[in-house]
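Read through the structure below, which is laid out as structure tokens, and then see the notes.
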Amino acid sequence: MSDGLEGVIAAQTVLSDVDGAHGRLVIRGYVVEDLAGRTRFEDAAHLLLDGFFDDAPSDLSSALGEARVGVFAEVAALDEGLARRDPVEALRALLARIPDGDDLKTALRLIAAPAVFTPAVLRVANGDAPIAPDPALSHAADILRMIRGVPATDAEAAALDAYLVTVCDHGLNASTFAARVVASTRAGLTSAVLAGLSALKGPLHGGAPGPVIDMLDAIGTPENARPWLERALARGDRLMGFGHRIYRVRDPRADALKAAVRRLSSASGGLPGRLAFAEAVERAALEILREHKPDRPLDTNVEFYTALLLEALGLPPSSFTCVFAMGRVAGWLAHAREQLAGGRLIRPQSVYVGPEVRVAA
């Protein structure tokens, strides 16, 4: 028996390979560093879905733009009460309005949904009216416009693209496994995506980047990094943005996103101080972890520079899990379709360790 299914092979996949020992993530034959910063999210989604839908166009841009427009009709169900909920809970409620199906139209609507619903939830929560999608824009540019109400620069759209591509798939993580389990029951793609989102919500999975911002703000200055982090470790706190269940070396996505932050900083001129501060905190954290936990391989993970990038784009920490879902939904759908194509109903065994059989009184 394996606690947490550690080391258990539960599926064969053509979608992604996570090499934790060497710090490498391969998505459909491409290392993630080659995709991030060079590929639009639409193209990464097409790469993942390729072969799972016979009617998929070679370029998803127009179809995805139309899907965003179609999904926006469901925003009418968003009232102030729902908008006051945690954004990921509001997103989950709105996603449930999309009928289950297994076709490309359903898949595109589900890819569009987090991109449309998240901006609407954030705006209504702030007392502003939702902004309708513009199908002529790229997916990333339209997301930022719908959230902030002003057009995104090319550099900002490219930075968000880099993030969405970086997180679009990552092996058989908790949310992807949840999506595959539900897909194996033939429940439909919406049900599979709802399962994935519910798993992503947990603080041990997609809920982690937000606390990185809290940590950076609490530290305040580079000089305070080491004493603050030392006190946190002494309390038994986890250092947010460091360590990973799979990677035994540096998470390759961290470097891909750090490069994206650098590009955005160069284009805007507004980030060098924050980036330098974050790098100082990172150096201090890695030194302390090596000193205090020499037997545990703890290095920078995707959460650390995710937080910095999304903050630079003006996105509130409360939305970070929803933005994560904007990218990962493409992976959930690809895995769901892969499961449907050849997988059986996922039904593992359990070992009973309860009391011996007793005679009822």
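The values are calculated or read from the model by the stated rules, or taken from the named source; none is laboratory data. A quick note: this is a predicted structure, and the numbers were derived from the prediction, not measured. Every residue, glycine as well, gets a Cβ built from its backbone with ideal geometry; the counts of neighbours run over all protein chains shown. To get the accessible areas, we keep the full protein, side chains included, count just its heavy atoms, and leave off ligands, DNA and RNA. Shrake-Rupley method; radii C 1.70, N 1.55, O 1.52, S 1.80 Å.
Per residue, the solvent-accessible area of the chain (1.4 Å probe, heavy atoms of protein chains only, all protein chains present) comes to 45 Å². Using just its DSSP H runs of length 4 or more, each adding -39500 (n - 2.57), the chain gives a mean residue ellipticity at 222 nm of -17500 deg cm²/dmol after division by all residues. Rounded to the nearest angstrom and listed largest first, the equivalent-ellipsoid semi-axes of region 130-217 from its Cα gyration tensor are 27, 19, 12.
In the chain, inverting the average of 1/r over every pair of distinct C-alpha atoms gives 21.2 Å as the Kirkwood radius.
Among 332, 165, 345, pick out the residue whose Cα is farthest towards the positive end of the charge dipole of the chain, where Lys and Arg carry +1 and Asp and Glu carry -1 on C-beta, about the Cα centre. Towards the positive end, the residue furthest out is 345.
Computed from phi, the 3J(HN,Hα) profile of region 98-103 under the Karplus parametrisation 6.51, -1.76, 1.60 (θ = phi - 60°) reads 7, x, 5, x, 10, 9 Hz, with x in place of Gly and Pro.
Mind checking the dipole of the chain: about its Cα centre, +1 per Lys or Arg Cβ, -1 per Asp or Glu Cβ, Debye to the nearest 20? Walk me through the numbers on the way to the answer.
Working: 38 positive and 45 negative charges, 131 e Å.
Using only the charged Cβ atoms, the result is roughly 620 debye.
Computed on region 212-326, with alpha-carbon pairs under 8 angstrom and 6+ residues apart, the relative contact order is 40 percent. I'd like the distance between the alpha-carbon centres of region 131-182 and region 291-355, rounded to an integer number of Å. Computed from Cα coordinates, the inter-centre distance equals 15 Å. Under the membrane-span-like helix rule (DSSP H runs whose alpha carbons stretch at least 20 Å along the helix axis, mean Kyte-Doolittle hydropathy -0.5 or higher), the chain yields 104-125, 252-268, 272-292, 320-342. For residue 231, the accessible surface of its heavy atoms amounts to roughly 120 Å² (probe 1.4 Å, protein chains only, rounded to the nearest 10).
Go ahead and run the numbers for FRET between residue 8 and residue 33, Cβ-Cβ distance against an R0 of 30 Å, rounding to 0.05.
0.60
Normalised by 2.2 N^0.38 Å, with N the number of residues, the alpha-carbon radius of gyration of region 76-231 equals 1.18.
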